[in-house]
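Nothing in this text is a laboratory measurement; each read-out follows from the coordinates by a stated rule. Model, not experiment: these values are computed from the prediction. Backbone-built Cβ (ideal geometry, glycine too); neighbour counts: all protein chains shown.
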Amino acid sequence: MIVEPKVEEYLYRILPRRARVLAEMEGYAKRHDIPIVGPLVGRFLFQQAQLTGARRIFELGSAIGYSTAWWALAAGPQAEIFYTDSDPENARRAGEYLRRLRLSGRVRMLVGEALASLRQTRGAFDIIFCDLDKPSYPEALRLGLPRLRRGGLFIADNVLWSGRVARPDRSAATQAILEFNRLIYESKRLWPVVVPLRDGVAVCRKL
Ligand SMILES: C[S@@+](CC[C@H](N)C(=O)[O-])C[C@H]1O[C@@H](n2cnc3c(N)ncnc32)[C@H](O)[C@@H]1O
């Protein structure tokens, strides 16, 4: 945890009740150890999409479709949300949840390597959300940045990586996150802010 545990608990406690299917997804993810953004960050993503009027959103790493659902709810019936995951069982389960949330019509399901799916999908995006294996983050940024419209957002989860970014840690995942955070602040084409919410969310506006 980044925030003091009691404060983190409080932040979860004051959240309003979610739709039944979202709560069910949270329960499934908890029982099966599937790392999802959870409701604090889900609401934050929802707000980012609404503030920017985003319609076309590409998600890199979608698992059971929990963050996908928040994007699809925020962006409305005209949205085009791209779900990506390499695991067909995750995609099957996500498809079922999205159908029950009546969001299937807004979501394109792309099963396979997510960066390859991004290369194969045409057009520009309002938001690209990165939640892949951490060693892929620098490459996701390199590929994603030219695909964002000006004023669009590149958002990445886990950029504080349970605090490991601030400790001596030579693991590939930590080194990749450090590299990603360095790249976003060095870029002359981005205006980034790292929000210490849950595990750290980077929101980078394309200039
Ligand atoms: C952290 S989970 C995504 C959680 C989801 N964004 C949410 O919050 O509901 C990461 C997912 O990305 C998938 N993944 C990781 N690297 C990938 C890659 N290079 N291509 C496709 N899927 C990948 C994994 O299978 C896993 O389901």
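May I ask you to verify whether LEU103 is in contact with a strand residue (DSSP E or B) (Cβ under 9 Å, 6 or more places away or on another chain) and within 11 Å of the ligand (Cβ to nearest atom)?
no
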Would you tally the residues in the stretch 77-120 being under 17 Å from the mean Cα position of the chain (by Cα), of a type in the set (A, V, I, L, M, F, W, C) and in a loop (DSSP other than H, G, I, E, B)?
1
Return the only residue of ALA23, ALA29, ALA74 being within 8 Å of the ligand (Cβ to nearest atom), assigned to a helix (DSSP H, G or I) and more than 17 Å from CYS130 (Cβ to Cβ).
ALA29
Hits in the stretch 121-145 - residues which are outside any helix (DSSP H, G or I), crowded, with 17+ Cβ neighbours inside 10 Å and of a type in the set (A, V, I, L, M)
ILE127, ILE128, LEU132
Taking the conditions exactly as written (in contact with a Pro (Cβ under 8 Å, 6 or more places away or on another chain), closer than 17 Å to LEU132 by Cβ and surrounded by fewer than 19 Cβ atoms within 10 Å (Cβ to Cβ)), does ALA202 satisfy them or not?
no
Go through (1) within 27 Å of PHE180 (Cα to Cα); (2) more than 13 Å from the ligand (Cβ to nearest atom) and name the single condition GLY112 misses.
(2)
Go through LEU153, LEU148, LEU103, LEU118 for me and flag whichever is buried (at least 19 other Cβ atoms within 10 Å of the Cβ), closer than 18 Å to SER86 by Cα and in contact (Cβ under 8 Å) with a residue 12 or more places away in the chain.
LEU118
How many residues are farther than 21 Å from LEU197 by Cα and away from the ligand (no atom under 14 Å from the Cβ) if we restrict to the stretch 153-175?
4
Looking only at residues in the stretch 32-53 that are near the ligand (Cβ under 8 Å from one of its atoms) and not in a helix (DSSP H, G or I), which one is nearest to the chain's Cα centre (by Cα)?
VAL37
Among the numbered conditions (1) more than 8 Å from the ligand (Cβ to nearest atom); (2) farther than 23 Å from LEU197 by Cβ; (3) of a type in the set (Gly, Ala, Ser), tell me where SER86 comes up short.
(1)
